[in-house]
Amino acid sequence: MADADLLVVGGGPAGVAAALRARELGARVVLFEQEHVGGTCLHRGCVPTVGTLELASRRRALTEGAAWGLPVPDSGPDFGLARRRVEDVVDRVHSGTAFYLEQFGVEVVKGPARPLPGCAVEVMTGGGRLDRFTGRGVVVATGAAFVLPEVPGIDLPGVWTTDHCLALAEAPRRLAVYGGGFIGVEWAQFYQAFGAQVSVLEPGPQLLPGEDPEVAGALQFLLTEAGIGVRTGWELVRLEAAPDSTLAAVGRDGAVVADRFLVSDCRQPRTRDLGALGLGLRGGAVLTDRRQATTVPGVFAAGDVTGGWMLSNFARAQGTVAAENALGFDRQFDPRLVPRVYHTRPEVGAVGLTEPEARAAGLDVVVGRADLGLNARALTLGQSLGFAKVVASRPHGRLLGVHLIGPLATEAISAAAVALKLEALAEDLAGLDLGHPTVGEALVEAARDALAQLR
């Protein structure tokens, strides 16, 4: 007899979501986690990062206070206090996650676990004992590992990962950020808020790789206007140490000198302990279909280990689908319905297809836009630079994608995510009467602009 209906390897967002969904369906579940439930997102990623970014946000509010009639002297940051505050947030969310797992009846086994053929998992528990569990199905949710690029000098002092940023030990005078994805931009803006001279070096053609180029271009313009240097198409060749303890980052198109060099996103799918399964891999990630099924019967995978968008809400959605299918259901994961949010300044929110993706799919596309320069809520916040963009298709105006750059975009995009989930038309979104004044009203205005082009 199997020890459980479902064995879940990894206690990050994907694994926790899989375990909880399986328990909702009445399954017996064993979850294996080597460190702490919550995964990278909770302990080294999005939660502590957003908590830390709040410090920069409050610093900006202080420096901008005089323009609002509230001049406040700035005594400088207390990074130690800020770090303790963020640690408290992480502890509370971690405690809540552990509580939910216990309340739902998920058995959590601590220790390094290794999936084996035959829907089995081997785990080294306390005291060095090796235990073996069997189940009807397995969900692999081992996440991603931090792997620095293999270039000369990458091991020099002064080379940072985001772990160094979260430690809040110092604010360098000059910072070079390698990688212009959302993580790199968030930290670039954080350190600039505390006086650093910052350069963002992105190997690809645009910031926010994979997002709508119009949004990425707007963000790059705003970064440049704020004094952050941005280079796209810049690929790292080597790092060199200078006598004055600075670093020279040498690329194919010139060098950048900085006190610290941040490799902003060096995550790679963690597949090291999966060899015994013989899983199919693609680009170093576990290969899955839309049901999150791997190439091995009875084994499903979810989250960062599968590559793609390494975002915790994507991982949760995949984990839910993987659990259901492992228990005999038939569900598919649709990445177009999961919003993508970035806590940059201004914030960015997106869901669905970008305009180039829609056109590449051969769809007859219409695009509606609304400038936040006329949005009352954006104006009251003093952050009116940005826009909303709606991508729809002829002849009926089916919503394909919605994109927003501006204040509170990470919250406002939720309305668009619901619209896409319900297969709404541009007419449906244009007909909403949202609260006023809100940034979300820009989504309605953009939908009306798209609708006008359909008539």
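Read-outs: derived from the displayed coordinates by stated rules, not from any lab. Keep in mind the model is a prediction, meaning the values are calculated, not measured. Glycine gets a Cβ as well: all are built from the backbone with ideal geometry, and neighbour counts include every protein chain shown.
Shown for LYS421, LYS389, LYS110: other C-beta atoms within 10 Å of each C-beta, ranked fewest to most, produce the order LYS421, LYS110, LYS389.
By other beta-carbon atoms within 10 Å, ranking VAL138, VAL108 with the fewest at the front produces VAL108, VAL138.
Maximal additional length on extending the GLU24-LEU434 stretch stands at 144.2 nm, based on 0.36 nm per residue less the C-alpha distance. Cβ crowding within 10 Å, taken as a proxy for footprinting-reagent exposure, orders PHE104, PHE133, PHE182 from fewest neighbours to most as PHE104, PHE133, PHE182.
What number, in percent, do you get for the relative contact order of region 159-265 if the mean sequence gap of Cα pairs under 8 Å and at least 6 apart is divided by its residue count? Relative CO of region 159-265 lands at 35 percent. Using just its DSSP H runs of length 4 or more, each adding -39500 (n - 2.57), the chain gives a mean residue ellipticity at 222 nm of -10000 deg cm²/dmol after division by all residues.
Applying 0.36 nm per residue to the separation of LEU287 and LEU363 and subtracting their alpha-carbon distance, the gain on full extension is 24.6 nm. For region 337-454, report the % of Cα-Cα distances exceeding 18 Å. So the portion of pairs separated by more than 18 Å is 43 percent. Here the spin labels are modelled as points 7 Å beyond Cα on the Cα-Cβ line, and at ASP155 and LEU70 they lie 5.1 nm apart.
Label sites at GLN332 and LEU379, each approximated as a point 7 angstrom past Cα along Cα to Cβ, lie 4.5 nm apart. Amide H contacts of ARG238: VAL250, each under 5 Å away and 5 or more positions distant or on a separate chain (H built 1.01 Å from N in the peptide plane; Pro and chain starts excluded). Short-range pairs are left out: with C-alpha atoms under 8 Å and at least six residues apart, the relative contact order of the chain is 14 percent. Taking every C-alpha pair closer than 8 Å and separated by at least 6 residues, the mean separation divided by the residue count of region 1-144 gives a relative contact order of 39 percent. Other residues with beta-carbon under 9 Å from the beta-carbon of ALA430 carry, at +1 per Lys or Arg and -1 per Asp or Glu, a net charge of -3. Averaging over all projection directions, the Cα-based convex hull of the chain occupies 24.4 nm² in the image plane.
So, counting K/R as plus one and D/E as minus one, what does the shell of residues with Cβ under 15 Å around GLU87 add up to?
Result for the local shell: 0.
Note on ASP273 and SER95: the extension gain reaches 61.3 nm, defined as 0.36 nm multiplied by sequence separation minus the Cα-Cα distance.
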